[in-house]
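The values are calculated or read from the model by the stated rules, or taken from the named source; none is laboratory data. These figures come from a predicted structure and were not determined experimentally. As a convention, Cβ positions derive from the backbone with ideal geometry for all residues, glycine included, and neighbour counts pool all protein chains shown.
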Amino acid sequence: MKMNEIRAAFETEITNCQDLQSLQELKVKYLGKSGELTVLLKSIKDLPAEERPSFGAEVNALRGVMEARFAEKTDTLKALDMQRRLQEEKVDISLTSCKPLGASHPVTLIENEICDLLIAMGFEVLTGPEIETDYYNFKALNIPDDHPARDMQDTFYITDSILLRTQTSAMQARLMEKRQPPIKVICPGKVFRSDSDASHSPVFHQIEGLVVDKNITLCDLKGTLEYIASHLFGENTKVRFRPSFFPFTEPSVEVDVTCSNCGGKGCSLCKGTGWIELLGAGMVNPFVLEKCGIDSKKYNGFAFGIGMDRVAMIKYGIPDIRLLFENDQRFLKQFGK
Ligand code: DAH
């Protein structure tokens, strides 16, 4: 082929070239060892000597043009290729996650709420063992072996002296044995009793509160509980104390709050009374303080034990405690999104 024909053919071919693979083949076809241009250059030996220099220069100029065109076309095709891949391999970030979102358990919501309130009042949060000794669960709390108060708490015994704690009150003695006042703690956790019906579950949750210091009164207890109740059930919630008995508090009280459902008028939730029983509390029995090595002439305190499952049931209108433990997602996912 003559130089002009090669130039024209090259122009057409490189213009029509659509991909990097064919461009590479084209490069071999024109500039390779036995390519068109190389063959043309080799034909220089057939020319008369005087024509050789200008012919050589022209071939080299054409090689320069071709190399420049290849470089330029390579850039164009690479850019196109990148654009095509960006289109094809695009990650659709608008696609919603397929993972179902979890929700906090109603008891967890209540626990967080009560803990947050009490932390803000300066209480410290501690947790204790669920497998407990008879000593801390009962004896240290003024409940000796044959005490009738044991009947109120159907206990899961592991051995004669080891059991699943029936009350977070077990933490009271553990703590007071180790620390001198001032003490201001709450202990949330699981407790266990051999009992099961719509309002009792073999496992449930309590928060124990314990304050021991100088000059603590029932008013401090009432103020603390009023603060918790008004935050949990609404500003106008009233709190009342009824005399009761717990071996580890003296005096002991049962604490009721005005029914959050009817505001105290009387409804099916509060069985027409306008009040809902919420927790047990009292002034720490001096016997318990002394047993733990705290001078009961110098210090006194209050304690309370809130059933968190009960609070959740009242607050969210849950009719059966067992719903809290059956792990039915249709029930659970309604809470704490
Ligand atoms: N531990 C008691 C129960 O489970 C509740 C309780 C009552 C806790 C009085 C207290 C308290 O701290 O002072 O029935």
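Descriptive notes on the structure:
- Filtering Asp145, Asp151, Asp81 for residues that are modelled with pLDDT under 95, charged (D, E, K, R) and assigned to a loop (DSSP other than H, G, I, E, B) leaves a single hit, Asp145.
- Subset of segment 149-169 that is of a type in the set (S, T, N, Q) and away from the ligand (no atom under 16 Å from the Cβ) - its residue that is surrounded by the fewest Cβ atoms within 10 Å (Cβ to Cβ): Thr159
- Positions within segment 285-306 being in a loop (DSSP other than H, G, I, E, B) and free of Cβ contacts under 8 Å to residues at least 24 places away in the same chain, in sequence order: Asp295, Ser296, Lys297
- Among the numbered conditions (1) of a type in the set (Ser, Thr, Tyr); (2) over 18 Å from Thr224 (Cβ atoms); (3) within 16 Å of the ligand (Cβ to nearest atom), the only one that Ser268 does not meet is (3).
- Tally, over segment 185-221, of residues that are within 14 Å of the ligand (Cβ to nearest atom) and part of a strand (DSSP E or B): 19
- Residues that are within 13 Å of the ligand (Cβ to nearest atom) and either among the acidic types (Asp, Glu) or surrounded by 20 or more Cβ atoms within 10 Å (Cβ to Cβ) (or both), drawn from segment 232-246: Phe246
- Selection within segment 131-148 - touching a residue at least 12 places away in the same chain (Cβ under 8 Å) and surrounded by 15 or more Cβ atoms within 10 Å (Cβ to Cβ): Glu132, Thr133, Asp134, Tyr136, Asn137, Phe138, Ala140, Leu141, Asn142, Ile143
- Filter pass, Asp320 being within 38 Å of the chain's Cα centre (by Cα) and surrounded by fewer than 15 Cβ atoms within 10 Å (Cβ to Cβ): yes
- Residue identified as small (Gly, Ala, Ser) and at pLDDT 95 or above among Ser196, Ser169: Ser169
- Matching option when the condition is acidic (Asp, Glu), more than 30 Å from Arg330 (Cα to Cα) and assigned to a helix (DSSP H, G or I), among Asp116, Asp75: Asp75
- Segment 88-112: number of residues that are of a type outside the set (Val, Ile, Thr) and within 15 Å of the chain's Cα centre (by Cα): 11
- For segment 293-312, the set of residues classified as of a type outside the set (A, V, I, L, M) and more than 14 Å from the ligand (Cβ to nearest atom) consists of Gly293, Asp295, Ser296, Lys297, Lys298, Tyr299, listed by residue number.
- Evaluation of Ala303 against (1) in contact with a helix residue (DSSP H, G or I) (Cβ under 7 Å, 6 or more places away or on another chain); (2) surrounded by 14 or more Cβ atoms within 10 Å (Cβ to Cβ); (3) farther than 13 Å from Phe248 by Cα (one fails), failing number: (3)
- Note on segment 262-284: residues that are in contact with a helix residue (DSSP H, G or I) (Cβ under 8 Å, 6 or more places away or on another chain) and in a loop (DSSP other than H, G, I, E, B) total 1.
- Filter result for Glu254 (within 13 Å of the ligand (Cβ to nearest atom) and either touching a Gly at 6+ places or on another chain (Cβ under 6 Å) or over 21 Å from Asn112 (Cα atoms) (or both)): yes
- Residue ranges of helices (runs of 4 or more DSSP H) in segment 1-55 with at least 3 members of a type in the set (S, T, N, Q) and modelled with pLDDT of 90 or more: 3-16, 20-31
- Only one of the listed residues (Phe331, Phe248, Phe287) is touching a Leu at 6+ places or on another chain (Cβ under 6 Å) and modelled with pLDDT of 95 or more. That residue is Phe248.
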